[in-house]
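Since the structure comes first, as structure tokens, the remarks are kept for the end.
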């Protein structure tokens with residue numbers, strides 16, 4: 001059994017910005033003792049391990065670096081998940097049992113908070129929501145233990161904001177969302193909250209506009225990824241359907257006939273659609289899509305426009321510009337996609353139609 005006690009003592013001490021001398025003073029030991037613990041030359045007595053775990057706000061097993069080898073936690077998690085799916089309040093009893101056993105384990109504390117958020121939302125129960133807040137605040141103290149990339153400090157604060165809104169403290173929730181809106185992550189919920197709860201549409205407008213634009217780009221990226229994913233699975237019908245859906249969305253977002261950045265994205269999706277048609281054994285349909293892509297790409301590259309003036313619904317951000325990472329020109333972007341598809345027929349047909357466009 002491998003333990004990482006020495007490394008963990010050093011890590012948690014440095015996170016608290018403590019010197020070895022200061023930690024030694026807090027624990028009532030010599031500086032030399034702390035040095036030996038961190039260098040692995042000796043192991044602290046059990047009572048000191050417990051004292052350090054309490055001081056660092058971590059569980060003893062987390063301080064030791066010990067991971068349970070049995071499946072008790074996994075079984076408990078499955079049991080709680082089953083209760084949650086059935087909206088059975090016994091889920092809260094189960095998480096309280098785990099919290100008693102592992103009060104300083106991040107995964108338990110944060111998971112328990114999410115259970116209480118769920119039941120507080122369903123039942124509009126203030127008791128459950130207040131308990132969720134307590135656990136979220138505690139999980140922030142334990143965040144250094146977190147090993148789940150999708151969870152971070154900003155996401156936990158966003159969950160706290162959600163709870164405050166549910167409790168009727170809408171301004172407090174809004175302030176938290178704004179404070180932790182890294183990279184515009186919460187633009188949409190901030191905008192919705194300002195319009196829906198606080199009736200401040202003018203303040204909401206820039207948040208909603210930015211959210212709308214980011215979601216467009218995110219949606220097209222996702223559609224492109226799914227087309228390739230479905231093709232890799234041999235599900236060409238699904239690939240065709242989602243590519244066509246993405247193209248319809250792009251077409252519906254153009255405010256006028258003027259060439260704009262949306263046309264460049266349109267050409268890329270047409271290439272992916274052509275790839276799908278070749279995989280389906282329909283080269284004639286693929287040729288039509290390639291021909292259309294070549295015409296659109298040529299028009300865009302003749303007068304490239306990366307502004308957002310021609311996009312519907314977001315007039316107040318008309319001066320903004322947007323770029324992609326596929327290539328500077330539409331042709332470069334298309335050839336990047338073709339290279340990714342590794343489809344010789346697609347490559348041959350594109351050379352033919354792009355030279356005639």
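Odds and ends about this structure:
- Value of relative contact order over the chain, rounded to a whole percent, pairs C-alpha under 8 Å and six or more apart: 8
- FRET efficiency, residue 79 to residue 336 (Cβ-Cβ, R0 45 Å, nearest 0.05): 0.40
- Difference of contour (0.36 nm per residue) and Cα-Cα distance, residue 233 to residue 305: 22.3 nm
- Residue 328 versus residue 182: modelled label distance in nm, points set 7 Å from Cα along the beta carbon direction: 3.3
- Cβ-to-Cβ counts within 10 Å put 143, 108 in ascending order as 143, 108, the fewest first.
- Here 54, 187 are placed in order of increasing Cβ neighbour count within 10 Å, fewest first, which gives 54, 187.
- Tilt relative to the chain, helix 126-141 - C-alpha long axis, 0 to 90 degrees, to 10: 90
- Tilt relative to the chain, helix 236-253 - C-alpha long axis, 0 to 90 degrees, to 10: 80
- In this simple spin-label model, placing a label point 7 Å from the Cα along the Cα-to-Cβ direction at both residue 114 and residue 258 gives a separation of 4.5 nm.
- Chain lengthening between residue 192 and residue 150 when straightened (0.36 nm per residue, less Cα-Cα): 12.8 nm
- Cα→Cβ-extended label distance, 7 Å offset, between residue 284 and residue 42, nm: 8.7
- Reported label for calculated volume of the Cα convex hull per residue in Å³ given (i) 209; (ii) 133; (iii) 145: (i)
- Per-residue ellipticity at 222 nm, computed for the chain from helices alone with -39500 (n - 2.57) per DSSP H run of at least four residues, works out to -23000 deg cm²/dmol.
- Fluctuation leader among 134, 74, 205 - the chain, Gaussian network, Cα springs under 10 angstrom: 74
- Computed from the Cβ-Cβ distance with R0 of 25 Å, the FRET efficiency linking residue 248 to residue 217 stands at 0.90.
- Between residue 35 and residue 351, the contour length at 0.36 nm per residue exceeds the alpha carbon distance by 107.0 nm.
- Nearest-ten-degree value, helix 187-196 long axis tilted from longest Cα axis of the chain: 90
Each reported figure results from applying straightforward, stated rules to the coordinates on display, with no laboratory input. As the structure is a prediction and not an experimental result, all values here were calculated from the model. Counting neighbours? That spans all protein chains shown, and the Cβs are built from the backbone with ideal geometry, glycine included.
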